[in-house]
Amino acid sequence: MARHLITSAIPYINGVKHLGNLVGSQLPADLYARYLRGRGHEVLFLCATDEHGTPAELAAAKAGEPVADYCARMHGVQADLAQGFRLSFDHFGRSSSDQNRHLTQHLAVKLHEAGLIEERTERQVYSVADGRFLPDRYIEGTCPNCGYEKARGDQCENCTKQLDPTDLINPRSAISGSTELEVRETKHLYLLQSTLRDRLAAWIDEQADWPVLTTSIAKKWLFDGDGLQDRGITRDLDWGIPVQFEGAPWSGMEGKVFYVWFDAPIEYIACAAEWAAAQGKPDADWERWWRTGRGAADVRYTQFMGKDNVPFHTLSFPATLIGSGEDWKLVDYIKSFNYLNYDGGQFSTSQGRGVFMDDALELLPADYWRWWLLSRAPENQDSEFTWESFQGGVNKDLADVLGNFVSRVTKFCRSRFGEAVPEGGAWGDRERQLIADLSAGLARYEAAMESIAIRRAAQELRALWVLGNEYLQEAAPWAAYKEDPDRAAAIIRLALNLIAVYAELSAPFIPDAADTLRAAMKSKTGWPADMHAALRALPPGHAFTVPEMLFRKITDEERDAWQARFAGGRG
Ligand SMILES: [Zn+2]
């Protein structure tokens, strides 16, 4: 038994996420966590909402709520949707927690003591009417290059030219529209990442099992051009973790907060502290997951994220932890994802294009989405959601293969032998062949799961379901029953046991269906260590019930209606 720490990239607080977001981190992390728990390992699986920064302030203002209230409400919305998709977090935390404030301030002090923080003066645009400094992207004006009137201070969306806010003609605040803007001096703290370059490079060189894609992205940021850049870690904002605290080393930082990108990954750690506090456990209980000197030396830590987050997790967050000089656990393996596209284009939060998590659960139960999304996960390249593909995955894989097997076996048994595992007959060559095939397939399935090869794991699981169907078709208990009822009993006894095995093996992908099967078979056998033994676990006389239809098919009419409904313009 091993100890596994698993984190999913933490979703930003301002709104409901779409299915592309879900399959890019939370859902595959859940699959892996469920698999490892199923194998008997000790798992701590953490996720949280990322709550600080200007977008949260603006979303709250738009909703007419104080930002703290807005974040609390949206955390509740995201937590409910996570529950709806059966994401089995041990804790779903908040980056605005007391624990994260404490840890972020603590790490900043440690970095300062290590000589890795420097104060720098900058010139930045200040909006008198808004009473605040404006980030570049919240200044709008006319593009000097193409004349587009809604160009942003960092870039013109129309002609893609990179801009400085001072380039804009008729600049105004994107928050209030005010043109009363001034350039003022302001001080910020910088993390001297450049001085950590060699230590980060040495650490990355130790990661022998990382995909080349991951290490090459990290090395590009480390060495290309001028190399790894120092990074501003504070902002002139109200909403965030104050750069002020007891014994503060930084006078002159009043009214400033840490940059959201500095405190968000620290929430991975703080979330463990929140988990311990919520359970009434002492700090030692979470520190044994995170501090190598306090028990975390044998933890394997895996992170899940979209590919755009890789530089951050291979460099910036490790720079914070390594630079602190403390014994924080560093990531062992990063599983990153490409993008899921939507029906010939992209998912778009701003245009309301595509299926969002709340819409999805309104249409169909979580398992339908989990299966399609995981079995088509954008692992090595982008993948695309189409309604045709979704209909095909649900109808062919879930309804025709797994659902059909369960239905035929349980209904046949009920009509011929009653609702209990029948006795009589014995396994022959065909059964021995099936068990050999199932054993080999199980080994392939486990190997795929161990290496977090998600699409391959889904294919191997489906192949195990297919073996059951093929066996049933060939052994034909309905025909055997007429000549030799004992032979039919032996076939059905094995097939009923196979349903209980399928429940365990399928649980990481489709946990609700697995629970339905366990309840129907009155079984909780656990992960099969050995197919021979597992297929005898339910003895003759063991009672079961015929489950309700496990998966329903999606009709062509539904498919067409949903495609039209989600083409864009979500409210
Ligand atoms: Zn332009």
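The values are calculated or read from the model by the stated rules, or taken from the named source; none is laboratory data. Predicted, not measured: the structure shown is a model, and the values here were computed from it. Every residue, glycine as well, gets a Cβ built from its backbone with ideal geometry; the counts of neighbours run over all protein chains shown. In case anyone asks, the SASA skips ligands and DNA or RNA and just uses the protein heavy atoms, side chains included. Shrake-Rupley method; radii C 1.70, N 1.55, O 1.52, S 1.80 Å.
Things worth noting here:
- In degrees, nearest ten, helix 67-84 long axis to first principal axis of the chain (Cα): 20
- For residue 411, a cut-off of 20 angstrom between C-alpha atoms picks up these lysines, skipping any fewer than 8 places away in its own chain: 482, 522, 553.
- Considering only 381, 247, 502, the residue lying farthest towards the positive end of the dipole of the chain is 502, judged by Cα position with unit charges set on Cβ.
- Normalised by 2.2 N^0.38 Å, where N counts its residues, the alpha-carbon radius of gyration of the range 230-285 equals 1.38.
- Distance from the range 524-571 to the range 464-513 (C-alpha centre basis), Å: 15
- Annotation for residue 515 and residue 122: the two label points, set 7 Å from Cα along the Cα-Cβ direction, are 4.7 nm apart.
- Sites residue 530 and residue 294, calculated FRET efficiency, Cβ-Cβ separation with R0 51 Å, nearest 0.05: 0.85
- In terms of accessible area, using a 1.4 Å probe and ignoring ligands and nucleic acids, 154, 556 rank largest first as 556, 154.
- Estimated [θ] at 222 nm from DSSP helical runs (n ≥ 4, -39500 (n - 2.57)) normalised by residues in the chain, nearest 500: -13500 deg cm²/dmol
- When the C-alpha to C-alpha distance is required to be over 19 Å, the pairs from 307/329; 62/256; 110/329 that qualify are 307/329; 62/256.
- Spin-label zone in the range 526-569 - amide nitrogen under 20 Å from a point set 7 Å from the Cα of residue 436 along the C-beta vector: 530-536
- Stretch gain in nm, segment residue 548-residue 229, where the contour uses 0.36 nm per residue and the Cα spacing is subtracted: 109.0 nm
- Rounded tilt (10° steps) of 54-63 against the dominant C-alpha axis of the chain: 80
- Grouping the Cα pair distances of the range 400-543 into 5 Å bins from zero gives a pair-distance distribution of 2, 10, 21, 24, 22, 12, 6, 3, 1, 0 percent in increasing distance order.
- GluC sites (Glu not before Pro) lying in DSSP loop within the range 240-338, provided at most 11 other Cβ fall within 10 Å: 246, 254
- Net length gained if the chain between residue 212 and residue 102 were fully extended (0.36 nm per residue, minus Cα distance): 36.0 nm
- FRET E, pair residue 170, residue 327, Förster distance 51 Å, beta-carbon r, rounded to 0.05: 0.40
- Qualifying lysines (Cα of each under 21 Å from Cα of residue 161; at least 8 residues distant if same chain): 150
- Helix 26-38 axis, angle to the chain major axis (alpha carbon atoms, nearest 10°): 50
- Cysteines in the chain that, by Cβ-Cβ distance, have no pairing candidate under 4.7 Å: 47, 71, 271, 413
- Applying both filters, DSSP loop and at most 14 other Cβ atoms within 10 Å, to the GluC sites (Glu not before Pro) of the range 139-200 gives 149, 157, 180.
- With 0.36 nm allotted per residue and the present C-alpha distance subtracted, the residue 42-residue 556 stretch has 180.6 nm of extension available.
- Around the Cα centre of the range 295-413, unit charges on the Cβ atoms of Lys, Arg, Asp and Glu (plus for the first two, minus for the last two) sum to a dipole of about 320 debye.
- Beta bridge orientation in the chain: antiparallel %, DSSP, nearest 5: 55
- Length, then width, then depth: along the principal axes, the Cα atoms of the range 5-46 run 36, 15, 11 Å.
- Per-pair calculated FRET efficiency, R0 = 56 Å: residue 248 and residue 463 via Cβ, rounded to 0.05: 0.40
- q = 0.08, 0.09, 0.10 Å⁻¹, the chain: log10 I(q)/I(0) [Debye, one scatterer per Cα]: -0.64, -0.78, -0.93
- A Stokes-Einstein calculation at 37 °C with viscosity 0.692 mPa s, built on the Kirkwood radius of the range 158-248 over Cα pairs, returns a diffusion coefficient of 186 µm²/s.
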